[in-house]
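Structure first, then comments.
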Amino acid sequence: MRLAEKYGDRPAEEFPMLFQRILQNAVRDQHRRTKVRSTWTTLFSSLSGNSDEDDDRDPLESMEVESTGKLAGTPHGQLEQAQVLAIIETEIAKLPTRQREAFLMRYWEDMDVAETALAMGCSEGSVKTHCSRATHTLANALKAKGISL
């Protein structure tokens, strides 16, 4: 579809090369998207409780202690988890506005790149850049505080 939409006016001799490049880019994008989503889904799912309840809630305000953790059922485990959530919330608040918006829309609201770009009024490339910078900043901030999830 991309080939026909964007390059339909090109000579037929260029189609194989263009198709190959479009396919390579789509595979790379999917791989990156899966890798980043997996990282953040794992991170937040390890901190959240049941997700089959009301999805309109704020994830940080409604996190429940998961019983699979070694100390999750103990008061000490609950305190540690609450502290980690507070640190994550603080680090997200420190992000530049556009990075925070893109990060929250993409990974918490589960919007795709096109929807996020439309909501933010920018290009899809800008959304990808903002999300990448936000995830790297958050990962480094958590690592600097000794948090590994």
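In square angstrom, rounded to the nearest 10, how much accessible surface does residue 135 have for a 1.4 Å probe? Using a 1.4 Å probe on the heavy atoms, I get roughly 10 Å².
A cut-off under 14 angstrom between Cβ atoms defines the neighbours of residue 23, and their net charge, with Lys, Arg +1 and Asp, Glu -1, is +3.
Give me the percent of accessible area attributable to carbon and sulfur for region 88-149, probe 1.4 angstrom. Carbon and sulfur together cover 50 percent of it. Hey, got a sec? Which GluC sites (Glu not before Pro) in region 83-124 land in a DSSP loop and have at most 13 other Cβ atoms within 10 Å? Listed in order of number, the matching sites are 109.
The values are calculated or read from the model by the stated rules, or taken from the named source; none is laboratory data. Since we're looking at a predicted model, the values are computed, not measured. Reconstructed Cβ throughout: ideal geometry from the backbone, glycine too, with neighbour counts over all protein chains shown. The area values use the complete protein model at the heavy-atom level, side chains included, leaving out ligands, DNA and RNA. Shrake-Rupley method; radii C 1.70, N 1.55, O 1.52, S 1.80 Å.
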